[in-house]
Amino acid sequence: MTQTTDPEERPQTPQTPPSPTHLVAPILSIITKTPPSSTNAANSTTVKLLSLNIFLQPLMTNTPYKADRLNYFIANILPNYDIICLQEMHGFGTGRRKRLISAAKESGFGHVLKSKARLTKGMIDGGLLILSRFPITDSEEMVFECQGDRFVAKGSLYAKIAVKPTCSIHLFVTQLQSSCDPHPPLSDANVRIRLQQVHQLRQFVDKCRAMHECKPNEMVMVVGDLNIDGRRTDGDDDKMSEKSRTIYSKKQNSNSDLGEKNTSLDDDKSAMSYILDSDFIDNQEDSREYLLIQKILSGKGIPANYANPRFSIAGLRYASSTPFIVRDILKETYSEHPITYSGVAPTKGGHSQPRENVLTAKHRQGKQCCLDYMLVLKNQDEVEEDGDDDTVEIDIKNTKVEEFSTDESFEFSQISDHYGISTVLIVP
């Protein structure tokens, strides 16, 4: 793949790409200024964390106002946080990422972690970037084995960040495979790719926790654009067959384990889905795909046919030996999945219209999706053992969706087609 220059940028001398076999992501250490984090009377440190799909795609895409939106981000958003996790902040063929890193240096971000290009494999960088005011003491990068966006090396960055000399947080930022349809059926090829990617992400989490000494009191977080709408839509109830409802009712009446196959059922295809359907009937808030990724990340696994239609119904796929408790902190805050993409605004006539129509693709405008997440993963066995006094905590009251709207003097009404999501960590 030949690297060309983004028309918004001055010509640059192409840099030699890093070796694709080198898995540890580069860390840039630079002089750190005083961060906006604070320490209270109890000697706890608060850390402001932001995740944002900034929608600064590579040069082959016709994304508007890239330079202006980046300038706005640098001037108005960058200084307000301690750790920033960006998606779609690509470095291929453009100087924008380099310019942002330089501005981050001036704003006091002493440590930077970025995804690498795999040009020898015909893939540009995955667009992931972590900016931190605190030291990044260990790092890893993983590229998904199953790729749908064939020219982008999507995957995950891992950073062990020492927010105190005696305490670190283990941060994973990722972006999963996208879909043209924000609400695809589970049979969609992109859904199956995402499920495989989530399984590989869970394996990556396990690997990094073991390699880099994750203590029981240290927080493990997965943040980013998962491209999975967690919000339940009006058509979700229709996706479950009447036969599956009957099967679930029989299971409830017999008080049998929903995780085991009922061999008395004569409809294997319907029986195949009762494990998920049982959760889906009891749950009035979550989409089916969201429930599947929760099961994969928690280690429970999913029915085999959801991973691949060629598998028989017996057994589970994507299960892990270590059980995790998965907290969706945005859902905890709002008591539902908040809109993070393609929101709406009221009109004078009492109707609604798309909140943004410059950056968001026309067929996606007004879809009101939740695609962006902050998930806290905790080893279930460790929860029962450790106390609460020395554990990193989430300040739920300061966990929120950041629309990052601009005023009328700008050609764009918000800096990205996605909203940002932020939280505050309380480090003892």
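The values are calculated or read from the model by the stated rules, or taken from the named source; none is laboratory data. Only a predicted model underlies this, so the values are computations on that prediction, with no experimental measurement involved. When we count neighbours, we look across all protein chains shown, and the Cβ atoms used for this are built from the backbone with ideal geometry, even at glycine.
Tell me whether the range 170-193 contains one or more residues that are of a type in the set (D, E, K, R) and either under 14 Å from the mean Cα position of the chain (by Cα) or within 23 Å of Thr399 (Cβ to Cβ) (or both). Reasoning before the result, please.
Our first condition is that a residue be of a type in the set (D, E, K, R); within the range 170-193, this holds for 181, 188, 192.
Those left that are additionally either under 14 Å from the mean Cα position of the chain (by Cα) or within 23 Å of Thr399 (Cβ to Cβ) (or both): none.
Looking for residues that are of a type in the set (D, E, K, R) and either under 14 Å from the mean Cα position of the chain (by Cα) or within 23 Å of Thr399 (Cβ to Cβ) (or both), one finds none in the range 170-193, hence no.
Mind telling me which of the residues Tyr318, Tyr341 ends up being among the aromatic types (Phe, Trp, Tyr) and touching an Asp or Glu at 6+ places or on another chain (Cβ under 9 Å)? If you could, list the steps in order and put the result at the bottom.
Values: Tyr318 fails: touching an Asp or Glu at 6+ places or on another chain (Cβ under 9 Å).
Going through Tyr318, Tyr341 in turn, just one is among the aromatic types (Phe, Trp, Tyr) and touching an Asp or Glu at 6+ places or on another chain (Cβ under 9 Å): Tyr341.
Return the total of residues in the range 57-100 being basic (Lys, Arg) and out of contact with any Lys or Arg (no Cβ under 8 Å at 6 or more places or on another chain).
Taking the range 57-100 as the starting set, the residues that turn out to be basic (Lys, Arg) are 66, 69, 96-99.
When the remaining residues are screened for being out of contact with any Lys or Arg (no Cβ under 8 Å at 6 or more places or on another chain), the result is 69, 98-99.
Qualifying residue count for the region: 3.
Kindly indicate whether Thr45 is under 23 Å from the mean Cα position of the chain (by Cα), at pLDDT below 95 and assigned by TED's automatic domain parsing to the domain that holds Arg99.
On the way: under 23 Å from the mean Cα position of the chain (by Cα): no; at pLDDT below 95: yes; assigned by TED's automatic domain parsing to the domain that holds Arg99: yes.
No; evaluated as a whole, the condition is false for this residue.
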Of the conditions (1) more than 28 Å from Lys164 (Cα to Cα); (2) buried (at least 23 other Cβ atoms within 10 Å of the Cβ); (3) of a type in the set (Val, Ile, Thr), the single one that Ile83 does not satisfy is (1)
Condition test on Ile27, is it under 24 Å from the mean Cα position of the chain (by Cα) and modelled with pLDDT of 80 or more? no
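Would you please name the residue that is surrounded by the most Cβ atoms within 10 Å (Cβ to Cβ), looking only at residues in the range 194-217 that are assigned to a helix (DSSP H, G or I), of a type in the set (Lys, Arg) and over 17 Å from the mean Cα position of the chain (by Cα)?
Taking the candidates together, the pick is Arg209.
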Being outside the structural domain of Phe412 (by TED's automatic domain parsing) and at pLDDT below 90 narrows it down to one of Thr34, Thr39, Thr21, so name that one. Thr21
List the strands (runs of 3 or more DSSP E) inside the range 98-187, counting only whole elements, that have at least 1 residues being at pLDDT 95 or above and of a type in the set (Gly, Ala, Ser). 129-132, 136-143, 155-164, 167-175
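How many residues are outside any helix (DSSP H, G or I) and over 23 Å from Lys397 (Cα atoms) if we restrict to the range 44-85?
To start, the set of residues in the range 44-85 that are outside any helix (DSSP H, G or I) comprises 44-65, 77, 81-85.
Checking which are over 23 Å from Lys397 (Cα atoms) leaves us with 54-65.
Number satisfying all stated conditions: 12.
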Report the residue count in the range 345-371 for those that are over 25 Å from Thr61 (Cα atoms) and surrounded by 11 or more Cβ atoms within 10 Å (Cβ to Cβ). 3
Kindly list the number of the only condition in (1) modelled with pLDDT of 95 or more; (2) in contact with a Ser or Thr (Cβ under 9 Å, 6 or more places away or on another chain); (3) surrounded by fewer than 21 Cβ atoms within 10 Å (Cβ to Cβ); (4) more than 18 Å from His170 (Cα to Cα) that fails for Ile426. (4)
Name the pairs: first residue in the range 126-137 and crowded, with 24+ Cβ neighbours inside 10 Å, second residue assigned to a loop (DSSP other than H, G, I, E, B) and aromatic (Phe, Trp, Tyr), Cβ to Cβ under 9 Å, at least 6 apart or on different chains? Gly126/Phe144; Gly127/Phe92; Leu131/Tyr81; Leu131/Phe109; Ser132/Phe109; Arg133/Tyr81; Arg133/Phe109
